[in-house]
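Coordinate-derived values only; no laboratory data. Remember, it's a predicted structure, so these values are computed and weren't measured experimentally. Positions of Cβ are generated from backbone atoms using ideal geometry, with glycine treated the same way; all protein chains shown enter the neighbour counts.
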Amino acid sequence: MHKGMLKKGLFEVPLVAPRSRGLHWIEGFHKVNAAIEEGMTVVPIGTSLALAQRLKTLVGAS
């Protein structure tokens, strides 16, 4: 299902919450798997604006 949506350009950005020991997946991990299986090398993820700097620190990107 998620691969089919991705092929149609309907990718919903997964939502995460940065924690002290890593990321807590709120929604959408299955979408990340589908994206990787379809060959995406960069998969966007989202968080709240208040947690964005912590997420950037954890993953090293913006």
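Observations on the structure shown:
- When the chain is described by a simple charge dipole with +1 on each Lys and Arg Cβ and -1 on each Asp and Glu Cβ, the residue from GLY9, ALA52, MET40 located farthest towards its positive end is ALA52.
- The mean sequence distance of close C-alpha pairs (under 8 Å, at least 6 residues apart), as a share of the length of the chain, puts its relative contact order at 34 percent.
- A Cβ-based charge dipole, computed about the Cα centre of the stretch 2-59 with Lys and Arg at +1 and Asp and Glu at -1, lands at about 140 debye.
- In order along the stretch 42-55, the Karplus-derived 3J(HN,Hα) couplings, from 6.51 cos²θ - 1.76 cosθ + 1.60 at θ = phi - 60°, round to 10, 10, x, 10, x, 8, 6, 4, 5, 9, 4, 5, 5, 4 Hz, and Gly and Pro are given as x.
- Placed amide H near GLY46: partners under 5 Å, 5+ positions off or other chain: LEU15, VAL16
- Reciprocal mean inverse distance between Cα atoms of the chain - Kirkwood radius, Å: 12.3 Å
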